[in-house]
1. Quick one: 3J(HN,Hα) in Hz for segment 59-76, Karplus 6.51/-1.76/1.60 with θ = phi - 60°, rounded, Gly and Pro as x.
2. Amide H of I103 versus every other amide H placed in the peptide plane: which residues, excluding those fewer than 5 positions away on the same chain, fall under 5 Å?
3. Dipole of segment 12-60, Cα-centred, from +1 at each Lys and Arg C-beta and -1 at each Asp and Glu C-beta, to the nearest 20 debye?
4. Quick query: amide H of S167 versus all other amide H atoms, modeled in the peptide plane; which residues come in under 5 Å with a sequence gap of 5 or more or a different chain?
5. Amide H of V43: which non-local residues (sequence gap of 5 or more, or other chain) have their own amide H closer than 5 Å, using H built in the peptide plane?
6. Cross-link list K177/K210; K69/K110; K77/K210: which exceed 27 angstrom alpha carbon to alpha carbon?
7. At 0.36 nm per residue, and after removing the present C-alpha to C-alpha distance, how many nm does the segment from H182 to S7 gain when stretched out fully?
8. Let a ≥ b ≥ c be the square roots of the eigenvalues of the Cα gyration tensor of segment 22-95; is it rounded (a/c under 1.5), or, if not, prolate (a/b larger than b/c) or oblate?
Amino acid sequence: MQIIHSSLPLLSIIIPIHNGKNEIERCLNSIYSQNIEQDLFEVICVDDASTDETCKILSQWAEKRKNLKVLRHETNKRQGGARNSGMDISRGKYISFIDHDDIYIPEGLKNIINSLSQYEKQNYGHLLDILMFDYIKSDDPHKQLNYSHNSTEIMPGYLFLSQQECSWYVWQYIYRKGYLHHTQRRFRENVLFEDSDFILGALAHAHRVKYFKEKLICYSVPGTRTGQTTTSDMQKLIGQRFLSTMAIKNEAEKFLPSASILYGKHHKSNPPESTIAEAVGGRNGGGGGGGDKLHINHL
């Protein structure tokens, strides 16, 4: 398929990194081995105050790749802050996030770029706001994900949330930059679990969301990563998860009462106002044990 080129890249890939010397090159290799013309995408690596050799490795890569940019935080802002910094300088029409210890599946990134280009060609003036795709897990790369029941039809975000099975993982979506900018969608900084409320808000206000039945990322399961979680770390995680839950509640209260105003004039049926966001376990397969999928259930 012929892809229409422009002066700006189609996709910006943002990678937040903290002390990732052992994994980042594997991630970058998975991007640059996709057989994609480099003017179609850019890579933005945000070194979030690493204390190892991450910065040196990134500098070496930037010297060889014209479409790779490196930012460095002097103070650690966690993934939310690093992603915000990457978005601020991104030039692509669409934005993809990937963690430094994850990789793109061979041909996966190429398939996504081809799909976005094809959609733009066929639906000029009606761009997707968000594209959701599948993934595999590093501990079981052959496991069949159970998103097959999801519709591949384009729909507004409130219907997508109420009818589809959605993921908490921020990297499981491609976002149109203009949409994120228009809705002022940002990550909370200096916190853990910064992605749940971001995803909820982003999906809720979107006009055109589509599920793409293709696998794009191989996710590094926490148990396969380097390092160990201490008791102190677990206590912090519990507290941060509570704060994340409250952020989700606040986000839901923002859009649910006004959903009919947002979409009523564009759709025959308004979304029900008596809905609430619930973090529940996923159906069989597809997730990491319960907390990685998002459903909007009717009361």
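Coordinate-derived values only; no laboratory data. These numbers were taken from a predicted model, which means no experiment stands behind them. Heads up, the Cβs are rebuilt from the backbone with ideal geometry, glycines too, and the neighbour counts pull from every protein chain shown.
1. For segment 59-76, the Karplus-derived couplings read 4, 5, 5, 5, 5, 9, 10, 5, 9, 10, 10, 10, 10, 9, 8, 6, 10, 6 Hz, x marking Gly and Pro.
2. Hits under the 5 Å cutoff: C218, S220.
3. Details: 3 positive and 9 negative charges, 25 e Å.
Approximately 120 debye in magnitude.
4. L294
5. I13, L68, K69
6. Values: K177/K210 16 Å; K69/K110 20 Å; K77/K210 31 Å.
As for pairs spanning more than 27 Å Cα to Cα, those are K77/K210.
7. Values: separation 175, 0.36 × 175 = 63.00 nm, distance 2.19 nm.
Result for the pair: 60.8 nm of gain on full extension.
8. Values: a/c = 2.01, a/b = 1.26, b/c = 1.59.
Judged from the Cα gyration tensor, segment 22-95 comes out oblate (a/c at least 1.5, b/c at or above a/b).
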